[in-house]
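So the structure is just underneath, and the comments pick up after that.
The values are calculated or read from the model by the stated rules, or taken from the named source; none is laboratory data. Every value quoted in this text rests on a predicted model; they were computed, and no experiment measured them. Counting neighbours? That spans all protein chains shown, and the Cβs are built from the backbone with ideal geometry, glycine included. To get the accessible areas, we keep the full protein, side chains included, count just its heavy atoms, and leave off ligands, DNA and RNA. Shrake-Rupley method; radii C 1.70, N 1.55, O 1.52, S 1.80 Å.
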Amino acid sequence: MRLICRAAKKEEIRLSSLRTRILIIKCLVTITTKSGQFIDVDEKDSINELYKILLDIHGSSAYDSLFSTDEHQNLISLIETIFLVRRNFSYETVASFVWVLLHIVTKLDKDEKVLFVYLYLAKRLMMRYSRTSRMLEEDSETSGYKLDVRIEDPQATNALNTSILPILRELETTLKLKMNQRMVRKLTKSEPVHASLSSLVPTAVFEKFFNTEERNATFSI
């Protein structure tokens, strides 16, 4: 019993650290976005730290149970601001984030509407950074090195050459909400989403889902 309690306490401390790291990056991004540039902040270090946070979440068994809906929204908002609002990044970097976002979805047992926003975020990243469609090619036994979660630099993961088809197939069979299944198929086939949805950024979709007056919001996919 003591060992179980110690393990649970250790995981809670770890997740508390994750929360702090997310808030620090969010503060930096907010300040530097308003100023129009990063001031005394290495942009590459900030992106690398955010990627490491996602890798830690991917490796955490308690993330889903201890993170609130607001904390999911904070993380989604941060990724959206950096990659969809601020400026362009390398395809390799974006591919690494797409890979880890999809794998995080497999770990979540939240309201499936939260999962939809994560899937839509991955879709929006792939829409903006079109060369990431290479990740939709089948892996071959001779295709060489694949993404290694031990590499913490998103520019050095070779994610562009790592197929996401296996994880998408798994998600299509495990997700229960029809809307999520349709989004997975849109990702798999690299098809555009409905104009009424593409006009909304992921955080706007999140807000519609969890706004008291629009909790039953649905979208054409």
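Just give me the residues in region 81-125 being open to solvent by 20 Å² or more (accessible area, probe 1.4 Å), of a type outside the set (Ser, Thr, Tyr) and part of a helix (DSSP H, G or I), in sequence order.
From region 81-125, those open to solvent by 20 Å² or more (accessible area, probe 1.4 Å) are 81, 84-92, 99, 103, 106-107, 109-113, 124; that's our starting set.
Of the ones still in play, those that are also of a type outside the set (Ser, Thr, Tyr) are 84-89, 92, 99, 103, 107, 109-113, 124.
Residues satisfying the conditions are Leu84, Val85, Arg86, Glu92, Trp99, His103, Lys107, Glu112, Lys113, Arg124.
Please work out if Leu66 is of a type in the set (A, V, I, L, M), touching a helix residue (DSSP H, G or I) at 6+ places or on another chain (Cβ under 8 Å) and modelled with pLDDT under 90.
Values: of a type in the set (A, V, I, L, M): yes; touching a helix residue (DSSP H, G or I) at 6+ places or on another chain (Cβ under 8 Å): yes; modelled with pLDDT under 90: yes.
Spelling it out, Leu66 is indeed of a type in the set (A, V, I, L, M), touching a helix residue (DSSP H, G or I) at 6+ places or on another chain (Cβ under 8 Å) and modelled with pLDDT under 90.
Out of (1) within 22 Å of Lys44 (Cβ to Cβ); (2) touching an Asp or Glu at 6+ places or on another chain (Cβ under 7 Å), what's the single condition that is false for Thr106?
For Thr106, the failing item is (1).
Within region 119-134, can one find any residue that is within 22 Å of Thr20 (Cβ to Cβ) and at pLDDT 80 or above? Can you show your working first?
Going through region 119-134, the residues within 22 Å of Thr20 (Cβ to Cβ) turn out to be none.
No, region 119-134 contains no residue that is within 22 Å of Thr20 (Cβ to Cβ) and at pLDDT 80 or above.
Quick check on region 135-167: of everything there that is within 27 Å of Lys44 (Cβ to Cβ) and open to solvent by 70 Å² or more (accessible area, probe 1.4 Å), which residue is modelled with the highest pLDDT?
Filtering first and then ranking leaves Gln155.
Considering each of Ser130, Ser198 in turn, give the residue that is touching a residue at least 24 places away in the same chain (Cβ under 8 Å) and open to solvent by 20 Å² or more (accessible area, probe 1.4 Å). Reasoning before the result, please.
Details: Ser130 fails: touching a residue at least 24 places away in the same chain (Cβ under 8 Å).
Only one candidate passes the filter, namely Ser198.
If I filter region 169-198 down to residues being of a type in the set (D, E, K, R) and in a helix (DSSP H, G or I), which single residue comes out as nearest to Thr106 (Cα to Cα)? Give the steps one after another, and end with the answer.
Let us first name the residues in region 169-198 that are of a type in the set (D, E, K, R), namely 169-170, 172, 176, 178, 182, 185-186, 189, 191.
Okay, now just the ones that are also in a helix (DSSP H, G or I), so 169-170, 172, 178, 182, 185-186, 189.
Numbers: Arg169: 11, Glu170: 8, Glu172: 11, Lys178: 16, Arg182: 16, Arg185: 16, Lys186: 17, Lys189: 19 Å.
That would be Glu170.
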